[in-house]
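The values are calculated or read from the model by the stated rules, or taken from the named source; none is laboratory data. Just so it is clear, the structure is predicted and the values come from calculations on it, not from any experiment. Glycine gets a Cβ as well: all are built from the backbone with ideal geometry, and neighbour counts include every protein chain shown.
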Amino acid sequence: MLITKAPKGTQDLLPQDSYRWQYVEEKFNNTAKVYGYKEVRFPTFEHTELFLRGVGDTTDVVQKQMYTFNDKGDRSITLRPEGTASVARSFIENGLFQLPMPLKMFYNVPCFRYEKSQKGRLREFHQFGVEVFGSKGPMIDAEVVSFAVNFLKSVGLNDISVNINSIGCPECRAKYNEALKEFLRPKTDELCETCKGRFDRNPLRILDCKSEICNKLCEGAPRLLDYICDDCREHFEGFKKSLETAGIEYKIDDGIVRGLDYYTKTVFEIISGGFTVCGGGRYDGLVEEFGGDSTPAVGFGLGIERLLLRLDELGIEITDNDKPQLYIASMGTEAAIAAQKLVFDLRKAGVSAEFDHMARSLKAQMKYADKLGAKYTIVLGDNEIESGIAKIKDMLTGEQTETKLDNLSEFFGR
């Protein structure tokens, strides 16, 4: 094992790339502010039982992908594979149900799933998410979709398809499960070993299996939409109408069941270039499952790595604005000290400025300033220090302007 190699399925975020992440994070935060969502932060790990009960013990996430271990107190702990269960736990533990409803929250967290590393899929990945508690009406479902759509468009991702479905409530889904079992019963011997175990306990999960064999066996299966009850159908019709009111085009995809057991009624996915960049839905029973009062809820998760990968594929460039406004080059020890003082004073005034820390020659300093992308440069020598005046050069146009050194902050504040 090489200690200088990151674990499989993880990657470093390097300084030269961090501006891209900061850009999408800022856009997401701005969208959250416009929509009235406030940030929630929660632990990286939780008691394993939280995910067993919330996500579902027949899901791929729980059966195959969780990072679970016993801590020194012999407690079973799991690194979070997703964010919703943690937010629901926090909602109960911290008495957030006492706040005015609907309670609208967002987060930006790393998640962990042990799965095959491939394009757009990592074992440590990062996720934007939103969760709304307290509203049972379909208009809030449409708002959540609208949040995702507007955010994606704000970063330049316009080739998106909003696909929606309803997977009903526990009551109508029970009827569907029986119909699905009848359809699959003659084929049970051909199912993968995991899905054989799901057949009696949770046949809906077979539709979400990643096995090509199981996918083939499920072709022609009954449509869940044909089995939803009147209440769920009314909710779905209201959801569609609300999307139309919001000006959001959508497609009905009756194959969407999502991979987590807590979903009820509304489910949706946003697709771009074959990637599911965002997915979510309603989970009205999760808070009650965790011991809280019955509380309707809806939300989504959005993978940051997948989003950035898709932006790269489309050639959508993100401008690096994280560059110094001024680089002060110096000649000699006294000038270096003066450059340091000027830079520190400029930073106090909110101006991004740099100077030499590597004892470079003047020529090397100017090359470095160019590599940094500094907008302006100044060269300090004995004459500039004595007169208190220097020429500030615009690195883009080459234009030089004489300015007093003690007025530099005013120059950048003009």
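A few remarks follow.
- Filtering Phe42, Phe69, Phe51 for residues that are in a loop (DSSP other than H, G, I, E, B), in the same structural domain as Glu93 (by TED's automatic domain parsing) and either buried (at least 17 other Cβ atoms within 10 Å of the Cβ) or modelled with pLDDT of 95 or more (or both) leaves a single hit, Phe42.
- Yes/no for Leu302 being of a type outside the set (S, T, N, Q), modelled with pLDDT of 95 or more and either surrounded by fewer than 19 Cβ atoms within 10 Å (Cβ to Cβ) or under 25 Å from the mean Cα position of the chain (by Cα) (or both): yes
- Pair list, Cβ under 6 Å, 6 or more apart: the range 188-203 residue in contact (Cβ under 8 Å) with a residue 60 or more places away in the chain, other residue outside any helix (DSSP H, G or I): Arg198/Thr58; Arg201/Thr58; Asn202/Thr58
- Residues considered: Leu217, Leu260, Leu207. Of these, the only one that is at pLDDT 85 or above, of a type in the set (A, V, I, L, M, F, W, C) and either touching a Leu at 6+ places or on another chain (Cβ under 6 Å) or crowded, with 16+ Cβ neighbours inside 10 Å (or both) is Leu217.
- Residue check for Ile248: hydrophobic (A, V, I, L, M, F, W, C), within 30 Å of Ile304 (Cα to Cα) and not in a loop (DSSP other than H, G, I, E, B): no
- Pairing residues of the range 82-110 that are assigned by TED's automatic domain parsing to the domain that holds Val287 and crowded, with 21+ Cβ neighbours inside 10 Å with residues that are basic (Lys, Arg) and in a loop (DSSP other than H, G, I, E, B), at Cβ distances under 6 Å and at least 6 apart in sequence or on separate chains, gives Ser86/Arg80.
- Residue match in the range 88-101 (condition: at pLDDT 95 or above, closer than 22 Å to Gly279 by Cβ and of a type outside the set (Gly, Ala, Ser)): yes
- Here the range 307-322 is the region considered, the condition is being in a loop (DSSP other than H, G, I, E, B) and not charged (D, E, K, R), and the residue that is nearest to Ile160 (Cα to Cα) is Leu314.
- Every condition in (1) surrounded by 14 or more Cβ atoms within 10 Å (Cβ to Cβ); (2) closer than 23 Å to Glu305 by Cα; (3) within 17 Å of the chain's Cα centre (by Cα) is met by Lys33 except one, and the failing one is (1).
- Test: residue in the range 47-65 that is free of Cβ contacts under 8 Å to residues at least 40 places away in the same chain, over 28 Å from Pro296 (Cα atoms) and more than 20 Å from the chain's Cα centre (by Cα): no
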